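In what follows, a single structure is set out as structure tokens and then discussed.
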Amino acid sequence: MPALSRTRWIAATAAFLITAFASAVAAHADPNALWNIVHGQCVPDRERHGDPKPCTEVNLKSGTAGGFAVLKDITGATQFLLIPTKRVTGIEDPAVRAPRATNYFAEAWQERRLVEKVLGHGMPGDTLSLAVNSELGRSQNQLHIHIDCVRADVRDALRSARAQIGRRWKPLPVLLAGHRYRAMRVTGWSLVGHNPFKLLARGLPGASADMGYHTLVVVGIRFADGASGFVILDDRADPTHGDNAGGEELQDHACALGR
């Protein structure tokens, strides 16, 4: 490549990278970015043109008050986000555990098919996961459930501990990503009737008063007794020990288990 052309190529590449970096920083700095995308673009485009872009899907079967959008995350090839189409700040918002609240976790589990579509094949339930970060562990002030593969070491750890996971919250006997999570089990291959937000608020003493400090992760599993179902995991933030309760840490956005 001639010297002048090489110089122009380097300059153009540098300009592109600077622009891309600036856009990424701006998006990260705006805690309302997800809400603006869903409320300002995906829902209007779905209602006016039947096209949910830039979202992958907009489901309004329960109206905007109970609906949700699914957006491909910019991180990883297989990560998707399920986002309510009404304003819901996060895990701490009372709306997620109201009597007639949409079970966003149940809807997110159904949307795992998008991960499988990207991979080009089906995935065993114990390779897939859902996660909601705490207030301290998130960058956005609109509820979003991360849908992606679980880390292989987390899958293996849950398998080894599954006989000790019961129907009530108790600490796991093993650490996950260096943190002590609590766990409980629910059976059945659907989260319909099992809303993790409500299970946490009602089942763990004190949780309803400080939900914003908690994270929730759901992983499919087959238990030692042969029953299929889910492990629901909770961690409470402890900033003094470097734990911001970001359950997304248990996910693998490179999806090694799927490749």
* Which one is surrounded by the fewest Cβ atoms within 10 Å (Cβ to Cβ), of the residues in the stretch 59-108 that are touching a helix residue (DSSP H, G or I) at 6+ places or on another chain (Cβ under 9 Å) and charged (D, E, K, R)? -> R100
* Asked: What pairs come up if the first residue lies in the stretch 214-239 and is farther than 11 Å from S129 by Cβ and assigned to a strand (DSSP E or B), the second is open to solvent by 30 Å² or more (accessible area, probe 1.4 Å) and among the aromatic types (F, W, Y), and their beta carbons are under 8 Å apart, counting only those six or more places apart or on different chains?
  -> S228/W189; G229/W189; D234/W169; R236/Y213
* Asked: If you go through the stretch 248-259 one residue at a time, do you hit one that is touching a Ser or Thr at 6+ places or on another chain (Cβ under 7 Å), open to solvent by less than 20 Å² (accessible area, probe 1.4 Å) and closer than 16 Å to I91 by Cα?
  -> no
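Starting from residues that are touching a Ser or Thr at 6+ places or on another chain (Cβ under 8 Å) and closer than 17 Å to H179 by Cβ, keep the ones in the stretch 206-225 and report whichever is most open to solvent (accessible area, probe 1.4 Å). Give the derivation first.
Taking the stretch 206-225 and keeping what is touching a Ser or Thr at 6+ places or on another chain (Cβ under 8 Å), we get 212-215, 217-223.
Going one step further and asking which of them are closer than 17 Å to H179 by Cβ, we end up with 213-215, 217-219.
Values: Y213: 91, H214: 6, T215: 0, V217: 1, V218: 0, V219: 3 Å².
Across the stretch 206-225, the extreme among qualifying residues is Y213.
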* To do: Answer yes or no: is there a residue in the stretch 192-205 that is of a type in the set (S, T, N, Q) and either open to solvent by less than 60 Å² (accessible area, probe 1.4 Å) or part of a loop (DSSP other than H, G, I, E, B) (or both).
  => yes
* To do: Could you look through the stretch 109-126, keep only residues that are in contact with a helix residue (DSSP H, G or I) (Cβ under 6 Å, 6 or more places away or on another chain) and not hydrophobic (A, V, I, L, M, F, W, C), and pick out the one that is least open to solvent (accessible area, probe 1.4 Å)?
  => D126
* Odd one out for S228 among (1) open to solvent by 10 Å² or more (accessible area, probe 1.4 Å); (2) under 20 Å from the mean Cα position of the chain (by Cα); (3) not charged (D, E, K, R) -> (2)
* **Tally, over the stretch 137-176, of residues that are crowded, with 16+ Cβ neighbours inside 10 Å and of a type in the set (G, A, S)** => 3
* Asked: Looking at the stretch 110-137, which of its residues are part of a loop (DSSP other than H, G, I, E, B), touching a strand residue (DSSP E or B) at 6+ places or on another chain (Cβ under 8 Å) and in contact (Cβ under 8 Å) with a residue 40 or more places away in the chain?
  -> E111, M123, P124, N133, S134, G137
* Structure fact -> Exactly one of S134, S129 is closer than 18 Å to V186 by Cα and either open to solvent by less than 50 Å² (accessible area, probe 1.4 Å) or not aliphatic (A, V, I, L, M) (or both), and that residue is S129
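The values are calculated or read from the model by the stated rules, or taken from the named source; none is laboratory data. All of these numbers come straight from a predicted model, not from anything done at the bench. Neighbour counts run over all protein chains shown; Cβ positions are idealised from the backbone, glycine included. Areas reflect the complete protein model, heavy atoms only, side chains present, ligands, DNA and RNA absent. Shrake-Rupley method; radii C 1.70, N 1.55, O 1.52, S 1.80 Å.
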